[in-house]
Amino acid sequence: MKANNKIGSTTADNELKPDDSQSHNGPNTAEKNAPTIATLDDLAKLTNYSLLEALNCDPDATVDGVDHNPRQVFSGHYVPVKPTPIENPEYVAHSKDFFQELGLADDLAQSEAFLRLFSGDISQVPEPMRDHGWACGYALSIYGTEYTQQCPFKTGNGYGDGRAISILEAVIKGRRWEMQLKGGGRTPYCRGADGRAVLRSSVREFLAQEHMHALGVPTSRSLSLYVSKSEKVKRPWYSEGSHSLDPDRWVMEPVAISTRVAPSFIRVGQLELFGRRARKQEHPQAMIELKQLVLHLIDREYSQVIDPSLSLEAKILLLARAFRDRLTSLVANWIRVGYCQGNFNSDNCAAGGFTLDYGPYGFCQAFHPYFQPWTGGGRHFSFFNQPMAAERNFQMFCSALRPLLETHSEAVVQLDEIQEGFTEVMQTKLEKMWAAKLGLNTFNAELFNELIMLMLQTPVDYTIFFRELSNLPNDMMPLTKSFYTEAMSKSESQQLDARWADWLTQWTSLIAERTPQLSRDEISSQMKCVNPKYTLREWQVAPAYQQASDGDYALLREIQDVMTQPYTEKSKDVDDKYYRLQPAAFFEVGGLSHYSCSS
């Protein structure tokens, strides 16, 4: 497997060190300031609805936000929508780290007013909060191909936030945050669905967002999670121990609402929708609305790197370059920590360059370059193909911007050059990432290619292998902790052992040759900053959401505590539970190794 197949690495050195890195919106470690937001009234004072004030409302929208039936939305950037509260909400969890970063008092999450708001009831919010939220439309493209037929109207005017409703935008400690309910009920984009999220998928997303942030990977954040004690919905899911590719039964599951937070939720698919409308001149304001959205994106996500006094053409070119840098860094970091998005369509690609929409995601365990947790995702969205999927999304991003440059031929040429440069930028960052994971200052293709073949043939646990390698072992014994070798014959094992020993000798020699100024402890420490000890394992998360459905949240909170410190050495008891190979019985089991949906 050649290095020039675009299958590996990260970004600049400081983006590879989670203890020092910054996400797209702030430091990875919580600020140790005393809480400044003790009540919902305190939070209300910080509201600032830039999207509602700068962009256009759907002219066909209702005044009161009671707009819950599927319909076509032809223009405007957002639709006012009231969320539908879940019945009898109960507190499940909140992100203590994120609360601390925002300055929210820890006990606020279990207060009556906070619980009511973030479980979907915004009828009693304090001023100047608004008593309705908003949902946005977007287009769909899959691996660079535009789609409209999956929309119930066959026009593409029905795609958008079907169950995600933003309810608040606020400036907190100088940073702008948008707060969005996942599972907040039907919107005009619901396409006939019920607009609900179940506890199972909500737990997965709640845990994953904060875990990814702790890993040093740019991501939306988790604020809170509430479940209904009485409301349930029917969903397809797997029987216990099922090896079926698709769910084999229907189950009634409790509904939940999680709140995810980001500087904005503008997606590549959103730009695409307005780019298509401008390109096709679908209505008289189409080009204006595209321009408004692009400028709003710059204001929300790129204001620190794009001078507002520049011309529109200059801003667009800087935007394309900055997004390319963020997107390539993001995907390199995904591969660094073993994460596979599963369904990396343009509508699941945040224009701010961070991880968004934790649906059929998964963390690679038994290594395979084409690891794919989603049964509908295909190889094109698999683990090592994520750089190519990102490139297709970047192409759609550039296509959406192009109508604004149509009268500036020189700018179009420059945009094309930025787009064409994606592959080289991506490969450079991948190689830097792989070098860092291996403790080297430069990438070595021969060493890397042999390693990938050995990891595949053994196979190895992706997280455990690189963490054990970070200890700079003198022999193979520590690395065998990561080996899945139960099905291997003795002769096969001996042959691989010999190749592994040769590889380890070459790697050790390169370490000594290329980093002579560093001690073994210094090299090990650097490697442990990019190779986490713990990553989320679905077979461990599943019992947490199963117990949570019975009202027992202890395991969920335990996993939350461990996975928000993924680089920290823990006790032997924790290691015995969370730093271990996947049991053989859980391989190829539906809902643990793969799933067709996650709703």
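What is the residue count in segment 410-453 for residues that are within 30 Å of GLU468 (Cβ to Cβ) and aliphatic (A, V, I, L, M)? It would help to see each step written out before you state the result.
Initial filter on segment 410-453 (within 30 Å of GLU468 (Cβ to Cβ)): 426-453.
Those left that are additionally aliphatic (A, V, I, L, M): 426, 430, 433, 435-436, 438, 440, 445, 447, 451-453.
Number of matching residues: 12.
Taking SER95, is it in contact (Cβ under 8 Å) with a residue 24 or more places away in the chain and within 17 Å of MET179 (Cα to Cα)? Explain how you work it out, then say what you get.
Numbers: in contact (Cβ under 8 Å) with a residue 24 or more places away in the chain: yes; within 17 Å of MET179 (Cα to Cα): yes.
For SER95, the condition - in contact (Cβ under 8 Å) with a residue 24 or more places away in the chain and within 17 Å of MET179 (Cα to Cα) - is met.
Can you tell me which residues in segment 101-120 are free of Cβ contacts under 8 Å to residues at least 40 places away in the same chain and in contact with a strand residue (DSSP E or B) (Cβ under 8 Å, 6 or more places away or on another chain)?
To start, the set of residues in segment 101-120 that are free of Cβ contacts under 8 Å to residues at least 40 places away in the same chain comprises 107, 110, 112, 116.
Hits for segment 101-120 are GLN110, ARG116.
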Among the numbered conditions (1) of a type in the set (Gly, Ala, Ser); (2) part of a loop (DSSP other than H, G, I, E, B); (3) farther than 17 Å from ARG260 by Cβ, tell me where ALA389 comes up short. (2)
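Let's see how each residue does on (1) outside the structural domain of THR219 (by TED's automatic domain parsing); (2) within 30 Å of GLU558 (Cβ to Cβ); (3) crowded, with 20+ Cβ neighbours inside 10 Å:
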{"position": "HIS68", "(1), (2), (3)": "no, no, no"}
{"position": "LEU104", "(1), (2), (3)": "no, yes, yes"}
{"position": "ASP107", "(1), (2), (3)": "no, yes, no"}
{"position": "ILE122", "(1), (2), (3)": "no, no, yes"}
{"position": "GLY156", "(1), (2), (3)": "no, no, yes"}
{"position": "SER166", "(1), (2), (3)": "no, no, yes"}
{"position": "VAL171", "(1), (2), (3)": "no, no, no"}
Out of all the residues in segment 297-307, which are surrounded by fewer than 18 Cβ atoms within 10 Å (Cβ to Cβ) and in contact (Cβ under 8 Å) with a residue 60 or more places away in the chain? ASP299
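Which ranges mark the helices (runs of 4 or more DSSP H) fully within segment 521-599 that have 3 or more residues being within 30 Å of PRO236 (Cβ to Cβ)? Reasoning before the result, please.
On the way: elements: 538-548, 554-563, 572-578.
Where helices (runs of 4 or more DSSP H) fall fully within segment 521-599 and carry at least 3 residues being within 30 Å of PRO236 (Cβ to Cβ), they are 538-548, 554-563.
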Residues of segment 246-261 satisfying the condition of being under 24 Å from the mean Cα position of the chain (by Cα) and hydrophobic (A, V, I, L, M, F, W, C): VAL255, ALA256, ILE257, VAL261
Check off (1) aliphatic (A, V, I, L, M); (2) in contact with a Phe, Trp or Tyr (Cβ under 6 Å, 6 or more places away or on another chain); (3) closer than 17 Å to ALA93 by Cβ for LEU592 and give me the number that stays unchecked. (3)
For segment 223-252, what are the residues that are within 17 Å of GLU90 (Cα to Cα) and either among the basic types (Lys, Arg) or surrounded by 21 or more Cβ atoms within 10 Å (Cβ to Cβ) (or both)? LEU223, SER224, LEU225, TYR226, VAL227, SER228, LYS229, LYS232
Checking ASP357 against (1) of a type outside the set (Ser, Thr, Tyr); (2) part of a helix (DSSP H, G or I); (3) free of Cβ contacts under 8 Å to residues at least 60 places away in the same chain, which test does it fail? (2)
So which residues in segment 124-154 are surrounded by fewer than 23 Cβ atoms within 10 Å (Cβ to Cβ), without any contact (Cβ under 8 Å) to a residue 60 or more places away in the chain and either closer than 30 Å to HIS380 by Cα or outside the structural domain of TYR91 (by TED's automatic domain parsing) (or both)? THR145, TYR147, THR148, GLN149, GLN150, CYS151, LYS154
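Somewhere in segment 466-476, is a residue assigned to a helix (DSSP H, G or I), farther than 30 Å from PHE274 by Cα and in contact with a Pro (Cβ under 8 Å, 6 or more places away or on another chain)?
Within segment 466-476, the first condition is being assigned to a helix (DSSP H, G or I), and the residues that meet it are 466-469.
Checking which are farther than 30 Å from PHE274 by Cα leaves us with 466-469.
Those still in the list that are in contact with a Pro (Cβ under 8 Å, 6 or more places away or on another chain) too: 467-468.
Checked against the condition, which is being assigned to a helix (DSSP H, G or I), farther than 30 Å from PHE274 by Cα and in contact with a Pro (Cβ under 8 Å, 6 or more places away or on another chain), segment 466-476 yields at least one hit.
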Looking only at segment 525-554, filter to residues that are out of contact with any Lys or Arg (no Cβ under 9 Å at 6 or more places or on another chain) and either assigned by TED's automatic domain parsing to the domain that holds PHE99 or surrounded by fewer than 17 Cβ atoms within 10 Å (Cβ to Cβ) (or both); which one of those is nearest to SER230 (Cα to Cα)? ASP550
Given (1) assigned to a loop (DSSP other than H, G, I, E, B); (2) touching a strand residue (DSSP E or B) at 6+ places or on another chain (Cβ under 7 Å); (3) touching a residue at least 40 places away in the same chain (Cβ under 8 Å), index of the condition PHE371 fails: (3)
Hey, can you tell me all the residues within segment 46-72 that are assigned to a loop (DSSP other than H, G, I, E, B) and closer than 21 Å to ARG300 by Cβ? LEU46, ASN48, TYR49, LEU55, ASN56, ASP58
Cβ contacts < 7 Å: first residue β-branched (Val, Ile, Thr), restricted to segment 217-244; second residue in a loop (DSSP other than H, G, I, E, B), any location; separation 6+ or different chain. Result? THR219/PHE354; VAL233/ASP194; VAL233/ARG196
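Can we say VAL541 is over 24 Å from GLY439 (Cα atoms), without any contact (Cβ under 8 Å) to a residue 40 or more places away in the chain and of a type in the set (A, V, I, L, M, F, W, C)?
Values: over 24 Å from GLY439 (Cα atoms): yes; without any contact (Cβ under 8 Å) to a residue 40 or more places away in the chain: no; of a type in the set (A, V, I, L, M, F, W, C): yes.
It is false that VAL541 is over 24 Å from GLY439 (Cα atoms), without any contact (Cβ under 8 Å) to a residue 40 or more places away in the chain and of a type in the set (A, V, I, L, M, F, W, C).
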Given (1) assigned to a helix (DSSP H, G or I); (2) out of contact with any Pro (no Cβ under 7 Å at 6 or more places or on another chain), where does LEU330 come up short, assuming only one miss? (2)
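The values are calculated or read from the model by the stated rules, or taken from the named source; none is laboratory data. Keep in mind that this is a model prediction, so the values were computed, not measured. Every residue, glycine among them, receives a Cβ derived from its backbone with ideal geometry; neighbour counts consider all protein chains shown.
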